[in-house]
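What follows is a short report on a single structure.
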Amino acid sequence: MKDIVTAILGGGAGTRLWPLTRDRAKPAVPLAGKFRLIDVPVSNSLHAGIDRIYVLTQFLSESLNRHLAQTYRFDTFRPGFVDVLAAQQGLDNRTWYQGTADAIRQNAPTLLEGRFRDVLILSGDQLYLMDLKGMVQRHRSTDADLTIAVSPVPREQAAGLGVMQVDGEGRIVRFVEKPKDADLLDSLAPDPEALAALGFRAPAGWVLASTGIYCFRRESLREELLGTQHTDFGRDVIPGAIGSRRVMAYAHTGYWRDIGTIPSFHEANLDLTRPLPPLNLYSREFPIYTHPRFLPGTKVNRCQVDQSILCEGSIISDSRIAHSLVGIRAIVRQGADIERSIVMGAREYESETGERHDIPLGIGRDCRLKNVIVDLNARIGESCVLTNEQGVQELDGKDWCIRGGIIVVPRDAIVPAGTVV
């Protein structure tokens, strides 16, 4: 594991996650009450023993840079690092990253010209815990040029993913990016024996999809990118490599979720509140690392709490919290009713900001929230009803918006008392 580096793709402008990405890069979006999205790929890499990690960014990366600098510090006797590679212009390059592959190409001196053997490429907007060390070992034991982590998914999800076929050896023999045609999907139906050889038992009608997690032999990656016009791995690099290189599949049988949209982000967070969540955040072997904040425990005063996660530093009084996440330093006042919602909390307590507002930080008295995401430092006045009873899918308000049926209150927004959505 000392002969490999990790490159985490920070993603584009994150338009599908707007307004959570209005003021921050997508990997800096808070997750599960106390983490950031970037903590997932970084933690997975560190658990594999890979501690030379680059994060490729280009949009609104200030808060992401600060989080990485405050969180991932290695001692003098360890060569590891988590460094940011921001998009930049030079004499021979005047463009931003044009895609996932182009982002790697533009950082060729760092990622393609080193003396290490392999490059592990991870996405910055997925939720999973994966044995990346096992993936690298399979990549090397099969003498692969490229190994792709794969997972079976329902057919209806195929239109947003790369779908493939594998042979009995686990070699990828066909790859189609985001197939939508029904006949094409029929032709991509996986062979049951090939799936069994990988260790999968996919239900009928499911397909085998790429997770967007790749392990490249460095020299093969260099040859695929330098001197070519390839801009995207799924659309350009992988289909071209299948015919000329040894491309293998690595079976990921655990939880994996793309959280690039507001509805998927909302659902993935609420999945963690289940009695037996699909992703185990309580594993001693695979903890997710993040910035230690040294906050006091949650204070709960006469509340009804059901299947919810309450994070440190929050104060909740005379409220009902059901199937929800309450983040760090969140204040929930008397009479609030919060269901299937994410309250991200605050960066500072009101007393520390030095500011005074008519509407204090947090959730006001007698508010009702259902299927809502409340971003950091938002202020929701008393007696607000944010429930979207009409089932509106897309709408923009002054201090809120609806995306995919989910109400989102942006960071630092102020929702006046009595607002009904």
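Computed values, structure above
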quantity: Considering residues of the stretch 187-213 that are free of Cβ contacts under 8 Å to residues at least 12 places away in the same chain and aliphatic (A, V, I, L, M) only, the residue nearest to GLY162 (Cα to Cα); calculated: ALA204
quantity: Residue within the stretch 358-374 that is surrounded by fewer than 24 Cβ atoms within 10 Å (Cβ to Cβ), more than 17 Å from TRP400 (Cβ to Cβ), among the aliphatic types (A, V, I, L, M) and touching a residue at least 12 places away in the same chain (Cβ under 8 Å) present; calculated: no
quantity: Residues satisfying the stated conditions in the stretch 27-46, i.e. out of contact with any helix residue (DSSP H, G or I) (no Cβ under 7 Å at 6 or more places or on another chain), of a type outside the set (A, V, I, L, M) and outside any loop (DSSP other than H, G, I, E, B); calculated: PRO30, PHE35, ASP39, PRO41, SER43
quantity: Selection within the stretch 260-312 - among the aromatic types (Phe, Trp, Tyr) and within 25 Å of ILE331 (Cβ to Cβ); calculated: PHE265, PHE294
quantity: Test: residue in the stretch 198-218 that is in a helix (DSSP H, G or I) and at pLDDT 90 or above; calculated: yes
quantity: Qualifying residue in the stretch 197-204 (condition: closer than 24 Å to SER123 by Cβ and either in contact with a Gly (Cβ under 9 Å, 6 or more places away or on another chain) or surrounded by 20 or more Cβ atoms within 10 Å (Cβ to Cβ) (or both)); calculated: yes
quantity: Matching strands (runs of 3 or more DSSP E) fully within the stretch 224-322 where at least 1 residues are touching a Phe, Trp or Tyr at 6+ places or on another chain (Cβ under 8 Å), crowded, with 16+ Cβ neighbours inside 10 Å and on the phi < 0 side of the Ramachandran plot; calculated: 247-251, 256-258
quantity: Selection count where residues are out of contact with any Asp or Glu (no Cβ under 7 Å at 6 or more places or on another chain) and farther than 23 Å from GLU169 by Cα, scope the stretch 195-232; calculated: 10
quantity: LEU46 being of a type outside the set (Ser, Thr, Tyr) and at pLDDT 85 or above; calculated: yes
quantity: Checklist (1) surrounded by 24 or more Cβ atoms within 10 Å (Cβ to Cβ); (2) among the polar types (S, T, N, Q); (3) without any contact (Cβ under 8 Å) to a residue 12 or more places away in the chain applied to SER341, failing item; calculated: (3)
quantity: In the stretch 15-43, residue modelled with the highest pLDDT [restricted to those that are over 18 Å from LEU270 (Cβ atoms), crowded, with 24+ Cβ neighbours inside 10 Å and small (Gly, Ala, Ser)]; calculated: ALA28
quantity: Qualifying residue in the stretch 62-75 (condition: free of Cβ contacts under 8 Å to residues at least 12 places away in the same chain and in a loop (DSSP other than H, G, I, E, B)); calculated: yes
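Condition check ((1) farther than 22 Å from ILE406 by Cα; (2) in contact with a helix residue (DSSP H, G or I) (Cβ under 6 Å, 6 or more places away or on another chain)) across all residues:
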position	(1), (2)
ARG302	yes, no
ASP318	yes, no
ALA322	no, no
VAL326	no, no
ILE342	no, yes
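The values are calculated or read from the model by the stated rules, or taken from the named source; none is laboratory data. As the structure is a computational prediction, the values presented were derived from the model and not from experiment. Virtual Cβ from ideal backbone geometry, glycine too; neighbours counted across all protein chains shown.
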